Amino acid sequence: QVQLVESGGGLVQAGGSLRLSCAASGSIFSISAFRINAMGWYRQAPGKQRELVASITSGGSTNYADSVKGRFTISRDNAKNTVYLQMNSLKPEDTAVYFCNKVPVSQTWSWGQGTQVTVSS
């Protein structure tokens, strides 16, 4: 099974930037699965459902939720087994716990601990 570890969150003022990282580890089969699957960044704000904000295919095609389009950039480095999320022009409504996972989600892929992003006004 793929293990996913998110990092890079923190407290930032509105208008600031953060770069999140998601490192994948596991068996050879797990790493292969990571490299061939689309990956995404999800977020969950208090009292709200988890939502997909950005995704990237194995070939590098990207897609974004309207709420983050033009401000967030997703990328991946398969040689490092890592997915990134560059977040610029952050807004208080971006405050949430951010997770990475396969797109679409699968019962065989567990969720990591996530990384907290807090944007102050």
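Describe numerically, in nm with one decimal, the distance between label points set 7 Å from Cα along Cα→Cβ at LYS69 and at GLN1.
Going from the LYS69 label point to the GLN1 one covers 3.6 nm.
Just tell me which lysines come within less than 18 Å, Cα to Cα, of LYS102; anything on the same chain fewer than 8 places away is out.
Reachable lysines: LYS80.
Determine the shape class of segment 39-109: with a ≥ b ≥ c the square roots of the Cα gyration tensor eigenvalues, call it rounded for a/c under 1.5, and otherwise prolate if a/b is greater than b/c, oblate otherwise.
oblate
Can you compute the modelled spin-label distance between GLN113 and ALA45, with each label point 7 Å from Cα toward Cβ, in nm?
With each label placed 7 Å out from Cα toward Cβ, I get 2.5 nm.
ALA65's amide H: which non-local residues (gap 5+, or another chain) put their own amide H closer than 5 Å, with H modeled 1.01 Å from N in plane and none for Pro or chain starts?
Answer set, sorted by chain and number: ALA54.
Per the Kirkwood definition applied to all pairs of different Cα atoms, how many angstroms is the hydrodynamic radius of the chain? Walk me through the intermediate numbers first.
Values: mean 1/r = 0.0701 Å⁻¹.
Its Kirkwood hydrodynamic radius stands at 14.3 Å.
Could you work out the local net charge near GLU6, counting Lys and Arg as +1, Asp and Glu as -1, over the other residues with Cβ closer than 12 Å to its Cβ? Spell out each step's value before the answer.
Values: positive: ARG19, ARG43; negative: none.
Charge balance in the 12 Å sphere: +2.
Fully extended, how many nm does the chain gain between ALA38 and SER25 (0.36 nm per residue separation, minus their Cα-Cα distance)?
Numbers: separation 13, 0.36 × 13 = 4.68 nm, distance 1.59 nm.
Length difference between fully extended and current span is 3.1 nm.
Defining a contact as two alpha carbons under 8 Å apart and six or more residues distant in sequence, what relative contact order in percent does the chain show? If you can, show how the numbers build up before the last one.
Details: 287 pairs, mean separation 44.0, N = 121.
For the chain, the relative contact order is 36 percent.
Cα convex hull of segment 1-69: mean projected area in nm², to one decimal?
Working: hull surface 23.3 nm².
So the mean shadow area of the Cα hull is 5.8 nm².
Apply the a/c threshold of 1.5 to the C-alpha gyration tensor of segment 70-121 and tell me whether it is rounded, prolate or oblate. Before the final figure, lay out the partial values.
Values: a/c = 2.42, a/b = 1.49, b/c = 1.62.
Note, shape of segment 70-121 comes out oblate.
What distance in nm separates the simple spin-label points at ASP77 and LYS91, each placed 7 Å from Cα in the Cβ direction?
Reported label-point gap for ASP77 and LYS91 is 3.1 nm.
Throughout, read-outs are computed from the coordinates displayed, never taken from laboratory work. Since we're looking at a predicted model, the values are computed, not measured. Every residue, glycine among them, receives a Cβ derived from its backbone with ideal geometry; neighbour counts consider all protein chains shown.
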